[in-house]
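The values are calculated or read from the model by the stated rules, or taken from the named source; none is laboratory data. None of the values given here were measured: they were computed from a predicted structure. Don't worry about glycine lacking a Cβ; one is built from the backbone with ideal geometry, like all the others, and counts go over all protein chains shown.
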Amino acid sequence: MKKYLIALMMVLAPVTASAAGGAAVPLDSFEVDLTNKASLQRGMANFVNRCLGCHTAQYQRFERAATDLEIPNELVEQYLIFDENKKIGEHMTNAMPAAEAKVWFGNPPPDLTLEARLRGPDWVYTYLRSFYKDESRPWGVNNAVFPDVGMPNVLENLQGTVINHCTPAELHSEHGKIDPLTGEEIGGCMSIEPKSGSMSEEEFDQYVYDLVNFMAYMGEPSKMVSGKIGTYVLIFLVILFVFAFALKKEYWKDVH
Ligand code: HEC
């Protein structure tokens, strides 16, 4: 029995370790929806417009994304590939030199193909919405889930400038949760400077949702295909059941 208990603990150890290794700030939860093609299509547009300038997705081909997301190739070529020398069959890379990028940002922008798998979609979703104004940092912003980040807030004109009134302790407390007793927001000490962003809070959350949904697709494109295959397999089994049942009846009709 003891042996089994130890084995069980070893199996569970990585789960608890990764849970404890997360950020101190609670993450907003994120439901990936690979069936929502419209969201994924918008997400791809957001990604190439706002992220591909600095980050690559070097394992993702434009054409594969076009096929999976049901965007006609001509539209991708016309609107989503900005480099005229690039063909649709090529990977989603950019021209940023890594060595210079390290000097400009402190750290070069990492490849994002597998980022949503590496950090989890919850983390990426929270990260992109958690930049706040901090004049002491080189780009004038800091991030609640990635302290002293080297990335500028590239979505600031959409979200608006986030002002942080939190003490460090509050920042790492139950930020954004509702107190069940008073109904008030706990740690609601971040606010958006009025009229500084072009989107409402809901529009911005949707924008980032689509973007992260696309990043989740990139991390595991085969999931989309396996979902479809699963449906075909179930349909096949239902049809097979009809014949198997008829055969069973035929075999058993004389046995009583
Ligand atoms: C101006 C260049 C630039 C743009 C544009 C940009 N980033 Fe970044 N990003 C960076 C840099 C530099 C880092 C590395 C920061 C560090 O390690 O301190 C980074 C880091 C990140 C990370 C954290 C990586 C990790 O796990 O360490 C994520 C996630 C990310 N970027 C997502 C995005 C997304 C999504 C977009 C598009 C909305 C985007 N970035 C646009 C420069 C950029």
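Quick look at the numbers
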item: Check on ALA38, more than 16 Å from the ligand (Cβ to nearest atom), aliphatic (A, V, I, L, M) and either surrounded by 15 or more Cβ atoms within 10 Å (Cβ to Cβ) or modelled with pLDDT of 95 or more (or both); result: yes
item: Residues (surrounded by 11 or more Cβ atoms within 10 Å (Cβ to Cβ), at pLDDT 95 or above and not β-branched (Val, Ile, Thr)) located in region 210-238; result: ASP210, LEU211, ASN213, PHE214, MET215, ALA216, TYR217, MET218, GLY219
item: Condition check for GLY106: under 30 Å from PRO147 (Cα atoms) and either modelled with pLDDT under 95 or of a type outside the set (Ser, Thr, Tyr) (or both); result: yes
item: Where a residue in region 59-73 is surrounded by 15 or more Cβ atoms within 10 Å (Cβ to Cβ) and its partner, wherever it lies, is modelled with pLDDT under 95 and not in a loop (DSSP other than H, G, I, E, B), with Cβ under 7 Å and at least six apart; result: ASP68/MET224
item: All positions within region 188-224 that are over 12 Å from the mean Cα position of the chain (by Cα), touching a residue at least 60 places away in the same chain (Cβ under 8 Å) and part of a helix (DSSP H, G or I); result: PHE204, ASP205, LYS223, MET224
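A quick yes/no check of all residues on (1) more than 17 Å from LEU27 (Cα to Cα); (2) modelled with pLDDT of 90 or more:
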position	(1), (2)
GLN159	yes, yes
THR167	yes, no
HIS172	no, no
GLU184	yes, no
GLY187	no, no
SER198	yes, yes
VAL208	no, yes
